[in-house]
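Chemist: Take a look at this one; I'll ask things after.
Derivation of every value follows stated rules applied to the coordinates shown; laboratory data play no part. All values derive from a computational prediction rather than experimental measurement. Neighbour counts run over all protein chains shown; Cβ positions are idealised from the backbone, glycine included.
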Amino acid sequence: NAGVIQTPRHKVTGKGQEATLWCEPISGHSAVFWYRQTIVQGLEFLTYFRNQAPIDDSGMPKERFSAQMPNQSHSTLKIQSTQPQDSAVYLCASSPDWGWEQYFGPGTRLTVL
Amino acid sequence: DAKTTQPDSMESTEGETVHLPCSHATISGNEYIYWYRQVPLQGPEYVTHGLQQNTTNSMAFLAIASDRKSSTLILTHVSLRDAAVYHCILRVDAGTGSKLSFGKGAKLTVSP
């Protein structure tokens, strides 16, 4: 079991560029979560899929952020027109059906210059 | 979800037993107590959870006060690998629909 896989581990973009982050959940897990983490804000929920369907995107900034889960094996988080305040570690987690715990990937560190 | 309060940091030495306190005075009856830990450059790792009864697993023992207004995560025979930031959080729903949110947590330092 390779755990949750996130790519790339590090990404640097210029202000206004697009960034796409990838997540491969643990095989068989039905739920996928996206979070971002900063020293100032701590861990912030962004969005959640269950069985590939979007369930809750209440944490997503509405204008520039979007997430998809086209199949069971991966999810993407896309940030358009990146801004310096988007710099953070973006974490993906997956959870088995009605599981108590979420299994996190190592995160993607996004730096917007 | 109700708020939790933890010390900013704690120190220990390898082989010791560590008690990490968490205060949650406004906890609701349907809120579960969860503990996660995180080391630098890695995502958070689930440690344990409980509702009312004390629980134990391979990682830790969770002691929950009878009035549920506080809990203590007990780590026995700590090693250098237990050095991490420990987060105590409350969740209403233990199912997959419940999102996580935590702040600074308590940084545990383990000395050789």
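Chemist: For Cα pairs less than 8 Å apart in space and 6+ apart in sequence, what is the mean separation divided by the residue count of chain A, i.e. the relative contact order in percent? Walk me through the numbers on the way to the answer.
Modeler: Working: 280 pairs, mean separation 42.1, N = 113.
Reported as a whole number, the value is 37 percent.
Chemist: Using the Cβ atoms and a cut-off under 13 Å, what net charge is assigned to the surroundings of residue A:90, where Lys and Arg are +1 and Asp and Glu are -1?
Modeler: On the way: positive: A:9, A:11, A:36, A:78, A:109; negative: A:44, A:86.
So the surrounding residues net to +3.
Chemist: Now for a separate question. Starting from the Kirkwood radius over alpha-carbon pairs of chain B, derive D by Stokes-Einstein at 20 °C in a medium of 1.002 mPa s and give it in µm² s⁻¹. Walk me through the intermediate numbers first.
Modeler: Details: Rh = 14.1 Å.
My calculation gives 152 µm²/s for D.
Chemist: For residue A:47, list long-range residues whose amide hydrogen, built 1.01 Å from N in the peptide plane, is under 5 Å from its own amide hydrogen.
Modeler: It is A:34, by chain and number.
Chemist: Sorted from largest to smallest, which semi-axis lengths in Å does the alpha carbon gyration tensor of chain A give for its equivalent ellipsoid, taking the root of 5 times each eigenvalue?
Modeler: Details: eigenvalues 103, 38, 33 Å².
Output for chain A: semi-axes of 23, 14, 13 Å.
Chemist: Apply the Karplus parameterisation 6.51 cos²θ - 1.76 cosθ + 1.60, with θ equal to phi minus 60°, to every residue of segment A:77-87 and state each ³J(HN,Hα) to the nearest whole Hz, in sequence, with x for glycine and proline.
Modeler: 10, 10, 10, 8, 6, 4, 10, x, 6, 7, 4
Chemist: Also: Rounded to whole Å, give me the distance from the Cα center of segment B:42-112 to that of segment A:42-113.
Modeler: 23
Chemist: With contacts defined as alpha carbon pairs under 8 Å and 6 or more residues apart, what's the relative contact order of chain B in percent? Walk me through the numbers on the way to the answer.
Modeler: Values: 259 pairs, mean separation 41.0, N = 112.
Relative contact order comes out at 37 percent.
Chemist: Among A:48, A:77, A:25, which residue has its Cα furthest toward the positive end of the charge dipole of chain A, with +1 on Lys/Arg Cβ and -1 on Asp/Glu Cβ?
Modeler: Among A:48, A:77, A:25, the one farthest towards the positive end of the dipole of chain A is A:77.
Chemist: Hey, another quick one. Provide a whole-number value for the mean count of partner chain Cβ atoms within 10 Å of the Cβ atoms in peptide B:34-42.
Modeler: Numbers: counts 3, 0, 4, 0, 4, 0, 0, 5, 5.
For peptide B:34-42, the averaged partner shielding equals 2.
Chemist: In nm, to one decimal, how far is the residue B:79 label point from the residue B:16 one, both placed 7 Å along Cα→Cβ?
Modeler: My value for the distance between the label points is 1.9 nm.
Chemist: For residue B:107, list long-range residues whose amide hydrogen, built 1.01 Å from N in the peptide plane, is under 5 Å from its own amide hydrogen.
Modeler: Those qualifying (amide H under 5 Å, at least 5 residues apart or on another chain) are B:9, B:10, B:86.
Chemist: Which residue, B:56, B:48, B:72, has the most motion in a Gaussian network model of chain B that connects Cα atoms within less than 10 Å?
Modeler: B:56
Chemist: Still on this structure, please answer the following. Among B:85, B:108, A:87, flag the residue with its Cα farthest along the positive direction of the charge dipole of the protein assembly as shown, charges on Cβ as +1 for Lys/Arg and -1 for Asp/Glu.
Modeler: It is A:87, whose Cα lies furthest towards the positive end.
Chemist: Can you sort A:62, B:3 so the residue with the fewest Cβ neighbours within 10 Å comes first?
Modeler: Numbers: A:62 7, B:3 12.
Fewest-to-most ranking of A:62, B:3: A:62, B:3.
Chemist: Next up: Counting pairwise Cα distances across the protein assembly as shown, what percent come out greater than 22 angstrom? Kindly include the intermediate steps, with their values, before the conclusion.
Modeler: Values: 13177 of 25200 pairs.
The answer is 52 percent, as a whole percent.
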